[in-house]
Each structure stands twice: as structure tokens, then as C-alpha cells.
Amino acid sequence: MRARALVAAALLGALISCKPPDNAPPPRSTLVVGLDVSGSFRQTPYFNEAVDFAALYIYAHLHGLNGLKQATDIFVGSLGGERPGQPKTFHPIQDLTEKTPDEIAASLRAWFPETDPITDYNGFFERLSVHIRRQNLVLAPLNVVMFTDGLPDFPGAGKLTTEARFGKVDMSPLEYLSRSVSLRVLYVRPQVAQNWERLVPHKRVRIWTQDADIMKGWRRHQLAGVPMEQQDSLLSWMNKIVDFRVRRGKII
């Protein structure tokens, strides 16, 4: 009995010693936000509210509010361009710190005022991969969140079948970019969501989609005039509806 007690005490001591101090920095975690500024999404009634929600989402993860995972690195870029593969800027976390949600929303609108003719997911994934590697962030869990209608748009896309169109979405640059990669595709129609889950080739990347009609429900949980730090209902909704922990593999 005495031997067991000593072993138990030793294990307890080891656990205590492994516990990080209260003032320890949060674990490394990268959040990349992609905003679809193509005409097909900008002209929908969801675009402006998607920008407003993206600002709240970024702010909540920047500060780790209400148990949401705090992102130690955040990058914001646009989806698409004038031509496939066109380079675009990724705004870093330094452009977001010390800003309120309203100020972040204003920055998003100022950074991406143009309306791109195409939605180039492949170009976004490729540029994202290069950026993450250059920043030496390949070991940190990666959460990619795209605010988009989810429709792949490139020259000749209209002539392809649905299977071929979504089959051309190339997520291979993300597959081994980190030990944990999640892709969240928000503000899509139900059929488009299903196409991303079933038709877009992926192996290690975890895909989570959320319908546009569900996404607009966040406003019902927002309390007017209340600081984001005290928006418990909205933060809980954000955690359950957007940050749902999806398992690896395709959703059937």
C-alpha cells in the first residue's frame, strides 16, 4: 500500500509540474480568414453581414473569449482575383490588434474594396501554403475559415459537370501543411455545402460547412450595446455552430 501511495504521489507531482503557469502564453494556433469578394458573393444579401460576423469572429479568437481557442497568428486575405493564381496580400495579426470589432470590420472593407471577377480557391490555398511555410508556422494547428458562396469559378467552369467543377478544387497544398488542418466554408447553400463535403478531394483536411440561412442566425444572439467580452450567447453560438470540431474524413 505504501508503495502504491508513493507512486500515486509521484504521478501527481509530475502532473502538477507539467501544468503550465497561469501567465504562460497560449499554445501556438494559426487562423487564416479568406473573404470572397467576387461578384457572385458580394452581390448577395449575405456579404455585408458576413464581413460583420468575420470581424466578431476574428476579435473573439484574437482574445480567446469565452473558451474559444486563442489564435497566436492571424492572417486575412481575399479569395480570387482578375485571373487564376493572382498574388494577393495576407494581412497579419499586427494589423488587427488593438482594434474593436467595428474597427476590424471597417479594415476588412477598406482592404478588399474591389469586386473580383473570379473565385480562385486553388490560388488561395497555394498562396496560403507558401505564406505559412515562410512564417515557419507548419507545426501549429491551422484553422482556415472562408466566407464565400462556395462556388468554384474559373475559366470554363460553366461547361463542366458539378462533379468535375468541384473536383478541380485542389486542397493538396493544405494536406500536410500542419499536423491539424480544418477548413470551414461558411455562407454556402445546402447543395453547395454537400458538394464541398463529398466532391472536393481531401484526405487529412477536416471540412466543415455551414449554410447561409443558419449563419445569419448569429444576429439573434448579439446584444446591442454590450461589449464582445460579455456576449456569452453569441460566443456560445459561435463555438457550437462555426467552431464545431469535425472529424477527419468525408461527411456522408
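Students often check this: by mean Cβ neighbours within 10 Å, which of 112-120, 146-154 ranks highest, and how do the rest follow? Present the calculation step by step, with values, prior to reporting the outcome.
Values: 112-120: 18.3, 146-154: 22.9.
My ranking of the peptides, most packed first, is 146-154, 112-120.
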Original post:
Leaving out same-chain residues fewer than 8 places away, which aspartates and glutamates sit with a Cα under 13 Å from that of residue 69?
Top reply: 243
Original post:
Over the range 69-204, what lengths in whole Å, largest first, do the semi-axes of the equivalent ellipsoid take, defined as the square roots of 5 times the eigenvalues of the alpha-carbon gyration tensor?
Top reply: 25, 19, 14
Subject >> Heavy-atom accessible area order for 200, 130, largest first, 1.4 Å probe >> reply: 130, 200
Original post:
What's the extension gain from residue 240 to residue 103 if we count 0.36 nm per residue and subtract their Cα-Cα distance?
Top reply: 46.8 nm
Original post:
Which distance in Å, rounded to a whole number, links the C-alpha centroids of the range 197-224 and the range 160-184?
Top reply: 16
**OP:** Please work out the Kirkwood hydrodynamic radius for the range 73-151, using every pair of different C-alpha atoms, and report it in angstroms with one decimal place.
**Re:** 13.7
**OP:** Taking H placed 1.01 Å from N in the peptide plane, check which residues at least 5 places from residue 75 or on another chain put their amide H under 5 Å from its amide H.
**Re:** 31, 32, 33
**OP:** Please give the net charge around residue 62, taking every other residue with its beta carbon less than 13 angstrom from that of residue 62, where Lys and Arg add +1 and Asp and Glu add -1.
**Re:** -3
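Across every pair of different alpha-carbon atoms, what Kirkwood hydrodynamic radius in Å does the range 187-247 reach?
Hydrodynamic radius (Kirkwood, Cα only) of the range 187-247 equals 13.2 Å.
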Original post:
Tally Lys/Arg at +1 and Asp/Glu at -1 over every other residue whose Cβ is under 10 Å from the Cβ of residue 156; what's the total?
Top reply: +3
**OP:** Along Cα→Cβ, 7 Å out, is where each label goes; now give me the distance between the ones at residue 232 and residue 63 in nm to one decimal.
**Re:** 1.7
Original post:
Can you pull the three principal axis extents for the Cα set of the range 35-79, in Å, largest first?
Top reply: 34, 18, 9
Original post:
Near the amide H of residue 207, under 5 Å away, which other amide H atoms are found, from residues 5 or more places off or on another chain, if H is placed in the peptide plane?
Top reply: 183, 249
Subject >> Radius 12 Å from Cβ of residue 137, net charge of other residues (Lys, Arg +1; Asp, Glu -1) >> reply: +3
Original post:
Using a simple spin-label model with points 7 Å from Cα along the Cα→Cβ vector, what separation in nm is obtained for residue 89 and residue 114?
Top reply: 1.1
**OP:** May I ask which of 203/240; 99/203; 159/240 have a Cα-Cα span longer than 32 Å here?
**Re:** 99/203; 159/240
Original post:
Just by accessible area at a 1.4 angstrom probe, what is the order of 162, 89 from largest to smallest?
Top reply: 89, 162
**OP:** Pull out a ≥ b ≥ c, the square roots of the eigenvalues of the alpha-carbon gyration tensor of the range 143-214, then state rounded if a/c is under 1.5, prolate if not and a/b is larger than b/c, and oblate in the remaining case.
**Re:** oblate
Original post:
Of 220, 198, 42, which has the most accessible area and how do the rest follow, probe 1.4 Å?
Top reply: 220, 198, 42
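The values are calculated or read from the model by the stated rules, or taken from the named source; none is laboratory data. In this text the structure is predicted, and so the values were computed from the model without any measurement. Neighbour counts run over all protein chains shown; Cβ positions are idealised from the backbone, glycine included. Heavy atoms of the whole protein, side chains included, go into the accessibility calculation; ligands, DNA and RNA do not. Shrake-Rupley method; radii C 1.70, N 1.55, O 1.52, S 1.80 Å.
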